[in-house]
Amino acid sequence: MRLFVALDLPWPLREHLATLIGGIPGARWVPDDNLHLTLRFIGEVNAPQAEEIDLALAALRGRAFALTLAGVGTFAKGGRETQLWAGVARNPALDHLQNKVETALQRAGLEPERRRFTPHVTLARLDNAVPQKIAGFVQAHNLFRAEPIRVDHFTLFSSRLGKEASVYTAEVAYPLSA
Ligand code: 3AM
């Protein structure tokens, strides 16, 4: 199965994010149900590995914290913008949790993640979008700032690649203490 660790987002926040959607022809917008903040992509694993991963994540002790989504931006590959996202206001508690997840996953036998953690919520994939439209969107929504949410758990998701959008299933939620 294909796994990743993420924060799910409460419905009112997903609803708020959904109001940003639109105005970029050719963008593939993420369905509201799929909006999440990835802590660590894992990829394909077999059942024994999945079990190890679950055990390691269940042993992680972390504290609940507040999180605010703020700003929008893009990731680019080979000089082309590929991904449009909502950003996260500076959040040492989130970085700390991500670090703990990374450590737990290495304990479960995964190779270290080489890429730096850049917290974001993907809003759209931009395969065929016109750069001026993307720039316009970023300018228009630069001051986006959501209500803070309380993060009191993180989640192991499985992902099935669908034709239109991937189908994400929350497999296990791991509580963070108050
Ligand atoms: O949270 P976002 O949307 O940035 O792009 C995938 C998504 O990221 C990413 O994992 C998240 C949950 O599916 N992803 C998919 N395949 C990946 C890979 N091979 C990957 N990240 C890194 N390497």
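None of the figures in this text is laboratory data; all of them are computed from the coordinates on show. What you are looking at is a predicted structure, and each value in this text was computed from that prediction instead of being measured. Note that each Cβ is placed from the backbone with ideal geometry, even for glycine, and that neighbours are counted across all protein chains shown.
The table below gives the values:
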{"read-out": "Mean ellipticity per residue at 222 nm, deg cm²/dmol - from DSSP H runs of n ≥ 4 across the chain, formula -39500 (n - 2.57)", "value": "-8000 deg cm²/dmol"}
{"read-out": "Distance (nanometres) between label positions extended 7 Å along Cα→Cβ at E15 and L161", "value": "3.5 nm"}
{"read-out": "Backbone HN-Hα couplings from phi across region 92-103 [Karplus 6.51/-1.76/1.60, Hz, Gly and Pro as x]", "value": "x, 5, 5, 4, 5, 5, 4, 4, 5, 5, 4, 4"}
{"read-out": "Gained length - A170 relative to D54, 0.36 nm times residue gap less alpha-carbon distance", "value": "40.5 nm"}
{"read-out": "Ratio Rg/Rh [Cα only; Rh per Kirkwood] for the chain", "value": "0.96"}
{"read-out": "Lys, Arg +1 and Asp, Glu -1 on Cβ, resulting dipole of region 10-154 about Cα centre, debye, nearest 20", "value": "520 debye"}
{"read-out": "Projected label distance in nm at A93 and F117, using a 7 Å step from Cα toward the beta-carbon", "value": "1.4 nm"}
{"read-out": "Hypothetical label at R107: residues of region 59-73 whose amide nitrogen lies under 20 Å (7 Å Cα-Cβ projection)", "value": "59-65"}
{"read-out": "Inter-part distance where region 154-178 and region 43-115 are each reduced to a Cα centre, Å", "value": "12 Å"}
{"read-out": "Sorted largest first, extent of region 1-82 alpha carbons per principal axis (Å)", "value": "44, 33, 22"}
{"read-out": "Protection proxy ranking of 108-120, 81-93 - average other beta-carbon atoms within 10 Å, highest first", "value": "81-93, 108-120"}
{"read-out": "Using distinct alpha-carbon pairs, which all enter the 1/r mean, Kirkwood radius of region 113-178 in Å", "value": "15.8 Å"}
{"read-out": "Zone of D127's modelled label, taken as backbone nitrogen in region 77-93 under 20 Å from a point 7 Å along Cα→Cβ", "value": "77-85"}
{"read-out": "Label-to-label distance, nm, for residues given as T82 and R28 (7 Å Cα→Cβ offset)", "value": "1.2 nm"}
{"read-out": "Relative contact order, percent, the chain [alpha-carbon distance under 8 Å, six or more residues apart]", "value": "35 percent"}
{"read-out": "Nonlocal amide H pairs with R145, under 5 Å, H built at 1.01 Å", "value": "G71"}
{"read-out": "Calculated from backbone phi, Karplus (6.51, -1.76, 1.60) coupling profile of region 52-66 in Hz, x at Gly/Pro", "value": "4, 4, 4, 4, 5, 5, 5, 7, 6, 10, x, 10, 5, 7, 9"}
